[in-house]
Amino acid sequence: MNNFVSVIIPNYNGMEHLGECLGSLIEQTFGSFDITVVDNGSTDNSVNFITENYPSVNVLKLNRNYGFARGANEGIKNVLMNTCSEYILLLNNDVVCSRDFIENFLKGFKNKNVLSCACRMMNYYDRTVIDDCGITFNRYGHPFALCHGEKYDASFKRGEGITGCCAGAGLYKKEVFKKIGLFDENFIAYYEDVDLAVRIKIQGYECGYADDAVCYHKRGGSYGKVKFYDTEMCSRNLVFIWAKNYPVGFIFRKTPLFISGEIRRYHHLLKNFFLREALFSFKGLIRGVCGVLGMLKKRRMYSSAEKEICEKIF
């Protein structure tokens, strides 16, 4: 069985993170992999840093910053055309991997129905705290990182209820991109992995979980210099997720909860004088509403079996 892995790292002005990220990959116990950094038009000497210090790493240069989704897709298309890899590992440039990360990650594919796999992402700065161990949804229909902020102990074992994996450190069988399609580039960054996870799940496939595959995430490191960018894009793309993927019946049932949840959230932000965060969040919400028509055009008719799966997801 071919277990060759192609690692794809979208990068934009991430030179300060690349040394640790690439260094942790070079030292992996698993040896059958290659690395491609997709550079989104960086201006911080990232490309020269890679070519000078990591000559074995392939660099795919884009002419400007297209965002995570387009960067990931360019890397995936390159793998689909030019390699015999069976797996594609998507990795943020601000992730540092344990030495046996890839070796243990592959163990999460326990049957043929598992086409993606989540790992245990820990907080880089406090390595006793979980950053993410898979995508799931709350009762309001909002996606969130499972176990984010929880303390990890030796008895910890999760995996139940996972809808998909975070693309900041997600392992996919290459065939998933042929069967389901690539990331939706309209999302640009944030929740593009949620959209893909839902599409995979609706088609009847599963996401595995590998607790022994451990990496350390500097959450916000990739886009942290752009103040409140994540706040705006998450609000925008949440609307896109609803418009594109949620069943009509769910939308009717959950819209009152969504509105009440948003009111409480904005009340909290304003009460605590997080005025700029509230402003950017509201800006994202308006941008999302303005883009709803485009997302509605991407909706598909669900079969009865797919509707049943949707009910379980959301």
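Where a number appears in this text, it was derived from the coordinates with a stated rule and is not lab data. Note that the coordinates shown come from a computational prediction; the quantities given were computed from them, not determined experimentally. All Cβ positions, glycine included, derive from the backbone under ideal geometry; neighbour counts span all protein chains shown.
Consider Lys271 carefully, then state whether it is out of contact with any strand residue (DSSP E or B) (no Cβ under 9 Å at 6 or more places or on another chain) and touching a residue at least 24 places away in the same chain (Cβ under 8 Å).
Against the criterion (out of contact with any strand residue (DSSP E or B) (no Cβ under 9 Å at 6 or more places or on another chain) and touching a residue at least 24 places away in the same chain (Cβ under 8 Å)), Lys271 does not qualify.
Please find, within the stretch 285-314, the residue that is surrounded by the fewest Cβ atoms within 10 Å (Cβ to Cβ) out of those that are of a type outside the set (A, V, I, L, M, F, W, C) and over 20 Å from Phe137 (Cα atoms). Give the derivation first.
Pass one, the stretch 285-314, residues of a type outside the set (A, V, I, L, M, F, W, C): 287-288, 291, 294, 297-300, 302-304, 306-308, 311-312.
From what is left, the residues that are over 20 Å from Phe137 (Cα atoms) are 287, 291, 294, 297-298, 300, 303-304.
Working: Arg287: 16, Gly291: 16, Gly294: 12, Lys297: 9, Lys298: 13, Arg300: 10, Ser303: 10, Ser304: 6.
Ranking the candidates gives Ser304 first.
Can you tell which of Lys201, Lys173, Lys178 is surrounded by fewer than 21 Cβ atoms within 10 Å (Cβ to Cβ), more than 22 Å from Asp230 (Cβ to Cβ), out of contact with any Leu (no Cβ under 6 Å at 6 or more places or on another chain) and among the basic types (Lys, Arg)?
Details: Lys201 fails: surrounded by fewer than 21 Cβ atoms within 10 Å (Cβ to Cβ); Lys173 fails: out of contact with any Leu (no Cβ under 6 Å at 6 or more places or on another chain).
Residue meeting the stated conditions: Lys178.
Under the condition of being β-branched (Val, Ile, Thr), without any contact (Cβ under 8 Å) to a residue 60 or more places away in the chain and not in a strand (DSSP E or B), which residue from the stretch 1-43 is nearest to Tyr172 (Cα to Cα)?
So in the stretch 1-43, the residues β-branched (Val, Ile, Thr) come out as 5, 7-9, 26, 29, 35-38, 43.
Of the ones still in play, those that are also without any contact (Cβ under 8 Å) to a residue 60 or more places away in the chain are 26, 35-38, 43.
The next check asks that each one be not in a strand (DSSP E or B); those that pass are 26, 43.
Values: Ile26: 20, Thr43: 30 Å.
Across the stretch 1-43, the extreme among qualifying residues is Ile26.
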